[in-house]
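> After the structure tokens below, expect a handful of questions from me.
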Amino acid sequence: MDDRKELQTRLVPGVGRLPYPAYRGNDPYVFVSYAHADSERVFAEIERFNEAGFHVWYDEGIAPGNEWSDEIAEALSKCSVFVVMLTRTSALRENVLNEIGYALDAGKPFLAIYLEETDLTPGMKLRTARKQAILRYNMSAEEYEYKYTEAFLRFGLVRGETQTPKPVAARPYGDYIPKGTAVITNGLGKEFTAIGNSLVYKPVGGTLFQTLHDLVSMDKSPNGYVLKDSLGKETLLKTSPGDELWFLPAEDKPRANLLDPEKLQINMIRSIRADLSRTPDRKIRYCDIRTKDGSFKTPAEFLFFSVGETDGVPPVMKLKKDLNKFSGKGYASLLMMKKLKFIDAGEADSPYGERGALNVEVQYPGDDSEAFSIKGPFAVYAMGANGEVCQLKQEELQEIEIL
């Protein structure tokens with residue numbers, strides 16, 4: 001039995017959840033070159049290759065303690081086909097350009113797959129002009145599969161057994177993985193450093209969030225803020241007094257409440273500059289949220305309970321870090337909780353009917369626990385993949401564990 005089938009997919013900070021273990025063996029295989037910033041799109045293509053029965057090596061295969069350059073060079077030297085996933089981001093990455101140059105110098109069978117329309121440097125365009133390319137962004141799924149399969153077989157690859165990892169639980173909102181660094185400058189020139197894909201714009205007095213996870217720059221203008229993303233697209237963000245920018249700081253430091261994200265009045269911000277390729281090495285405290293459809297991990301700083309404080313329609317929802325109002329003991333805060341179980345969702349009799357009480361159980365460190373009910377509207381806000389802030393309704397919640 002092939003040992004690689006026993007390996008689990010892994011969550012790698014700054015890269016993502018790996019689709020399956022990189023190939024290690026003596027059969028012909030594909031070497032895939034890509035930029036980590038494109039990992040979500042690239043991993044979808046790698047899974048296609050795997051499902052078609054082709055062996056694939058990508059940089060997940062680098063073992064701890066090994067020299068990065070040495071192992072990449074070894075994998076490149078032994079590969080049967082070199083594939084580069086080209087985007088506007090990867091075309092500028094030094095490691096991708098180095099891998100392309102190595103493969104061309106070694107005379108490896110070469111295939112460029114364009115995930116989006118991308119301009120190459122004149123020198124790279126000259127070197128790869130006669131190499132086969134597939135415009136993935138401009139093809140149907142059927143045409144794309146035919147093209148890469150025909151190329152792989154022509155280059156000498158053979159279809160083998162699919163590397164199927166052990167089943168993993170569905171992750172409906174995706175695990176949050178820190179990615180990139182953002183430098184925030186206020187009007188006085190003071191700088192704040194944040195994790196790049198944790199920037200969230202929150203208007204005053206509401207529970208609506210706008211995620212700025214793909215932000216490259218933000219600059220103050222007379223009409224608001226000009227946002228530019230990694231593709232060069234510009235949009236205008238209009239703000240009001242009291243609006244805030246929430247984020248995860250790039251390093252641990254003394255704060256009033258370590259369970260809260262850092263907050264700045266957005267109108268006091270002059271500019272933001274983000275580098276999505278450089279991620280701070282900061283330890284984040286996570287919560288595991290289990291729903292009826294699966295589970296995902298969110299930073300504890302971006303986990304909130306949204307509780308209706310009035311009977312108005314629409315209900316007034318306030319974000320909280322505790323459920324002390326409903327707890328008889330008075331310390332049901334996120335800081336004290338170990339686990340929160342949702343026993344009864346309190347479903348309504350009809351879409352517009354009155355909702356029953358939500359019955360929950362809180363487990364504290366040790367063996368202490370407490371059960372109580374929450375009346376009125378209730379939801380949980382949490383940060384999922386790429387820094388997206390999502391709202392989970394009480395009927396889909398099962399358990400929250402603070403890790």
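Just so it is clear, none of the values below were taken in a lab; they were calculated from the coordinates. Remember, it's a predicted structure, so these values are computed and weren't measured experimentally. Reconstructed Cβ throughout: ideal geometry from the backbone, glycine too, with neighbour counts over all protein chains shown.
> Taking amide H atoms as placed 1.01 Å from N in the peptide plane, list the residues 5 or more away in sequence, or in a different chain, whose amide H sits under 5 Å from that of Ile134.
The list, which skips near neighbours in sequence, is Ala112, Ile113, Tyr114.
> Run the numbers for Leu126 and Asp229: contour at 0.36 nm per residue of separation, minus the present Cα-Cα distance, in nm.
That pair, Leu126 and Asp229, stretches by 34.2 nm at full extension.
> Post the alpha-carbon centroid distance, the stretch 202-219 to the stretch 259-292, in whole angstrom.
11 Å
> Size of the dipole of the stretch 211-257 about the Cα centre, Lys and Arg at +1 and Asp and Glu at -1 on the beta carbon, nothing else charged, in debye to 20?
The dipole magnitude comes to about 100 debye.
> Report the label-to-label distance for Ala357 and Ser373 in nanometres (one decimal), using points 7 Å from each Cα along the Cα→Cβ vector.
0.3 nm
> Residues of the stretch 32-57 with amide nitrogen under 20 Å from the 7 Å Cα-to-Cβ point of Arg159?
Under 20 Å, as judged by backbone N against the label point of Arg159, lie 45-57 of the stretch 32-57.
> Oh, and also: Calculate one ³J(HN,Hα) per residue across the stretch 271-281 by plugging θ = phi - 60° into the Karplus curve 6.51 cos²θ - 1.76 cosθ + 1.60, and present them in order as whole Hz with x for glycine and proline.
Couplings: 7, 9, 10, 10, 10, 6, 8, 10, 10, x, 8 Hz.
> Hey, another quick one. Once the Cβ-Cβ distance between Glu71 and Glu40 is put in as r, and R0 is 25 Å, what FRET efficiency do you end up with, to the nearest 0.05?
About 0.60, to the nearest 0.05.
> What list of ³J(HN,Hα) couplings, whole Hz, do you get for the stretch 74-84 from phi and the Karplus terms 6.51, -1.76, 1.60, once you set θ to phi - 60° and write x for glycine and proline?
With coefficients 6.51, -1.76 and 1.60, one gets 5, 5, 5, 5, 9, 6, 9, 9, 9, 10, 10 Hz.
> How far apart, in nm, are two points set 7 Å out from the Cα along the Cα-to-Cβ line at Asn324 and at Glu396?
Distance between label points: 3.1 nm.
> Turning to a different aspect of this structure: DSSP loop GluC sites (Glu not before Pro) in the stretch 211-293 with at most 14 other Cβ atoms within 10 Å of their Cβ, which ones?
In loop regions of the stretch 211-293 (DSSP not H, G, I, E or B), the sparsely surrounded GluC sites (Glu not before Pro) are Glu251.
> Hey, another quick one. To the nearest 0.05, how large is the calculated FRET efficiency for Asp293 and Leu237 if R₀ is 45 Å and r is the Cβ-Cβ distance?
Calculated value: 0.90.
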